Each structure stands twice: as structure tokens, then as C-alpha cells.
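Input: a single structure, listed below in C-alpha cells.
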Amino acid sequence: MSTTVVPRRTTTPGPKGSQAAMRLGLLLRDPLAGYLSLSARYGDAIRVPIGPRQSLFLLSRPEHAEHVLATGQDNYVKAFTYRPLRVLIGDGLLTAEGEQWRRHRRIVQPMFSRRDVRNFASPMAEATGQLLKEWGALAPGTELDVAARMSALALDIVGRALFSTDLTGEAAQLNRAMAASQKVALLATFLPLSYGPRSARVLKAVARRTGHSTEGIEGPVGRMISDRRREASPAPGRRDLLDVLMTARFDDGTGLTDTEIGDELATFMLAGHETSAVTLSWALALLAAFPAARERLEAEVDEVLGGRAPQAADADRLPWTTAVITETMRLYPPAWTIERDALADDDVAGVPVPAGSTVAVPPYLVHRHPEFWSDPAGFDPARFLPPAGRPVADRPRYAYIPFGGGKRACVGQSFAELETVLVLASIAQRFRLELTPAGIPKPTAAITLRPGRLRMRLLPR
Ligand code: HEM
């Protein structure tokens, strides 16, 4: 087994034999450290053998990402590493391919347009109001696990906005299932038996054996569908994701099956809350570590909102708050890696990629590429403020890919952008969170880039 740098502009021999195996071991144990150390040592196009005839290409330039996700996207499908996810969320939008994916995307996309997500500002504000009320009742200096609270908040928002359902009672159960899923999914990625048609069965067995039941997602999903089916007539004025999925009709007059609806609900529950929650957690941690950025955010929020709760239209009037979120996702992209399998031989911006290879274009690496980002490890939201007289910053579009790109780009991007800005502004209006001496946690690369427990002290402003 050898790890070699793909001959691109220069050829650098990589390590051989046991050294390469050690590097693969590091990639499995600590993917972030592994990715960073490999790319620092071997550059932006690295081939890591991961099987007798299979290689993982680790590509970290914007032009690589652009090719794989957009211009050359027809040659790529979701990588084998996404298969374990199907045990948890079935064949929803995130994991489906081909015609099924296209038909479902067409159904849900309209309600997630930049304009239409504004309809979700009210449920977002209601859920956040609940959090502020709870925090308002706590003694100044109370220590909280902010990551757990952001996760519950984001789930509450998804429940209210997409399913008109109160998921708060299920938060603990769902979070346990999701945390378990993340562990099982990561473990299963590297179990050869977990690929292929029997993957669901194998993974469920792995989950049970390791005490990580993933069944907590199925209960609430089934309940939501049967409750809605039992409704005598739809609630007036309601048109949530559940309604959209249940009333959709294809050209031949058929609709989605209950299994298909259930898979989409599980997908949106997972994809729609976990990513926003970790973004908010990292943003709060970074603001505590960089007081000048926090003071500027507080000043902006006070000036623009003058004490009232933010509404959808305010999001465009909070450029610093937005820049803080944008810079947070640069440093800690919730979807830290994006992976595809190549269908045919390809040339990815100068890198020869054989058919069957797995290609990773990790936002975590692309966002820290020193050629495109000055002080790549620094926290500097100002880099995302439009330079005076120019509409956009001078960097390639695919240098920043927290939401992916091409046809499989995040359908919830506008939802997430609105949600994270409104929630951060609402919290900053009333509270300051301070880090404990433990500081900013080391990120854990599970399905998302998680802070684990994030202990912070809550202070009123
Ligand atoms: C900060 C928050 C978020 C981030 C960083 C994020 C990131 C991403 C990324 C990178 C992908 C593409 C994955 C790939 O190409 O393999 C994706 C897909 C997806 N996201 Fe998000 N996401 C966020 C929030 C949301 C929200 C709020 C929702 C739903 C309301 C959502 C629903 C989805 C779905 C359904 C897909 C699959 C889309 C498809 O393939 O058609 N995401 N997300």
C-alpha cells in the first residue's frame, strides 16, 4: 500500500509501506488532523489507496471542487461513504440518486427559495423566543452546554417550520439516535460488509451490538405521517413540507409512498437541524474568543433592531452578523467533507482520476487553502464584507463551499442562512456567552463537524 502525490505540476514521491498504512490509520482515527497533515506535506492533490483496487483522491483546490461538484458533475455519484447514512435516513434527497432524486428535488425545491423561506421566520422567532425566555430565568453566570441547547433549538425550528409539529419532547431521544447514528455511520463506512445491498441489515446489527440504537428517528417520523393522514381537513393556511410531500403528484398521477415520505422527513430532520446547530455553536464560541467581533455584532444588532425581535427583512440589514456566520462556516464547515465516486476515467483540473475512485473535496481543506485565504486559520469576518466599490470579494467561487455546489448543493441553504442570522442576532441582543477555561473545543469530524460538549457561561447584557 502506498500513498502517492498525484503527478500534477510536480511529482513528489509519497511514503511507502508501513508509513502509508500509518497515514491511513491517522485518516480513520482523526480525519481532520489526517487531512491537514497530508495536504501540508503532499500538496493539494493526493491519492490514498483505500483498497486493493480503490483510491481516495484528496483534492483541496477550488477548481477541483468546481469540477467534481459542478462542471463535471454528471460523471459523479454520492460516494460509498454516504451509504451507511441510508440506514438512518433511507433514500431521501441527501442520499438518493438518479430519477428518484430529481423527482423529489423538484417537489421540495420551491418552498426553499430565497423568497419563500421568509415564511419560516415566524416559527424561527417563536422557537428562539422560547430559548430566550428559558435563559432569562437562569441566574447570571449559569454554565450551559451550548451545543446541546443549539441542537434542541434547531430541531424545534425544523419541527415548527417544516412539520408544524412540536419535536421538543422528542429532542433527547432524537439526539441520542443521531449521535449514535453518527458513530455507527463513521464506523460502518470502513466495514466492507456494510456496502452493497445488504448494508441496511449489517448496519442495524452493528448499531445494536455496539449499543447505539438508531431507531429513535423512526418513531416520530411514523407518528407525524399517521397523525397527518388522520386529519379530517388540512389546517387553514398551512403548507408545510409534510403537506407538500403528501399532496405531491407526478405526471402519471401517482404520489410518494409512505416510505418515501418517511425517508424525506428523516432526511430533513437530520440535514435540517444538525448543520445549523453546529454553525450556531461554533459562532458563539468564536464570538466569546474574539471580543472585538462580538462587540461589533452587539452594536450592529442594537442599532438595526433597536430592541425589537429580528424579522426576515432584517437579515439583509445585518452584514456583520452575516459575516460572522459566513466566517464561522469557513473555519468550521458543518459538512466538513464532500465525497463522490467517479463513474468513468476523468481529468479533474489536471488530476487523472480512474473510474471507480472516490474523490473528496473537503470544505475543511478548501476553506483553509493558503493560496486563496490570507491567515487561513484566523477568525476574520471582515474578509466577507464586500470591499468598497466592488460587489464581491476577489476569490474563486468554489473557494467557499459550505453548502456544496452544482445540482446536489444544499436545498436548505437560504433556510439555514436566515435561521442562523436571526438566532445569532436574537441571542446577542439579550445575552453574552463566555467560554470556560476549557476554551473552544477541538472539533470532532463525525457526519458533521461537532464541538462535542460546549460549556459556556451565560450572562445577561
Ligand atoms: C449551516 C447549515 C447547513 C449546511 C452547512 C449544509 C450543508 C450541506 C451540504 C454541503 C450539502 C451537499 C452535500 C453533498 O454534496 O454531498 C447539503 C445537502 C442538503 N441539505 Fe444542507 N446544509 C445546511 C442546512 C440545511 C437545512 C436547514 C436543510 C433543510 C431545511 C438542509 C437540507 C439539505 C438537503 C435535503 C440536502 C440534499 C440536497 C440534494 O442532494 O438534493 N440543509 N447540505
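A few notes on this one:
- In region 101-113, residue nearest to the ligand (Cβ to nearest atom) [restricted to those that are surrounded by fewer than 16 Cβ atoms within 10 Å (Cβ to Cβ) and assigned to a helix (DSSP H, G or I)]: Arg105
- Residue that is among the basic types (Lys, Arg), in contact (Cβ under 8 Å) with a residue 24 or more places away in the chain, in contact with a Ser or Thr (Cβ under 7 Å, 6 or more places away or on another chain) and surrounded by 14 or more Cβ atoms within 10 Å (Cβ to Cβ), where the choices are Arg450, Arg408: Arg450
- Enumeration of residues in region 52-99 that are part of a helix (DSSP H, G or I) and either within 11 Å of the ligand (Cβ to nearest atom) or of a type in the set (Gly, Ala, Ser) (or both): Ala65, Val68, Leu69, Ala70, Gln73, Thr81, Tyr82, Leu85, Ile89, Gly98
- Residue within region 123-135 that is within 21 Å of the chain's Cα centre (by Cα), within 14 Å of the ligand (Cβ to nearest atom) and either in a loop (DSSP other than H, G, I, E, B) or more than 27 Å from Ala177 (Cβ to Cβ) (or both) present: no
- Here Val423 qualifies as part of a helix (DSSP H, G or I), modelled with pLDDT of 95 or more, within 16 Å of the ligand (Cβ to nearest atom) and β-branched (Val, Ile, Thr).
- When Asp394, Asp345, Asp380 are checked against the criterion of being surrounded by fewer than 18 Cβ atoms within 10 Å (Cβ to Cβ) and touching an Asp or Glu at 6+ places or on another chain (Cβ under 7 Å), a single residue qualifies: Asp380.
- Within region 421-447, residues that are closer than 18 Å to Ile157 by Cα reach partners that are among the small types (Gly, Ala, Ser) and surrounded by 18 or more Cβ atoms within 10 Å (Cβ to Cβ) with beta carbons closer than 6 Å, at six or more positions or on different chains, in the pairs Val421/Ala315; Leu424/Ala283.
- Output for region 31-47, where each listed residue is surrounded by fewer than 21 Cβ atoms within 10 Å (Cβ to Cβ), among the hydrophobic types (A, V, I, L, M, F, W, C) and in contact (Cβ under 8 Å) with a residue 40 or more places away in the chain: Leu32, Leu36
- Filtering region 340-360 for residues that are near the ligand (Cβ under 10 Å from one of its atoms) and basic (Lys, Arg) leaves a non-empty set.
- Annotation note: of Ala283, Ala266, Ala271, the sole residue that is modelled with pLDDT of 95 or more and within 13 Å of the ligand (Cβ to nearest atom) is Ala283.
- The residue that is farthest from the ligand (Cβ to nearest atom), among those in region 426-461 that are assigned to a loop (DSSP other than H, G, I, E, B) and among the aliphatic types (A, V, I, L, M), is Ala438.
- Each residue in region 327-382 was checked for being of a type in the set (D, E, K, R), over 17 Å from Arg53 (Cα atoms) and touching a helix residue (DSSP H, G or I) at 6+ places or on another chain (Cβ under 7 Å), and 3 of them qualify.
The values are calculated or read from the model by the stated rules, or taken from the named source; none is laboratory data. No experiment lies behind these values; they were computed from the predicted model shown. Note that we place each Cβ from the backbone using ideal geometry, even for glycine, and neighbour counts take in every protein chain shown.
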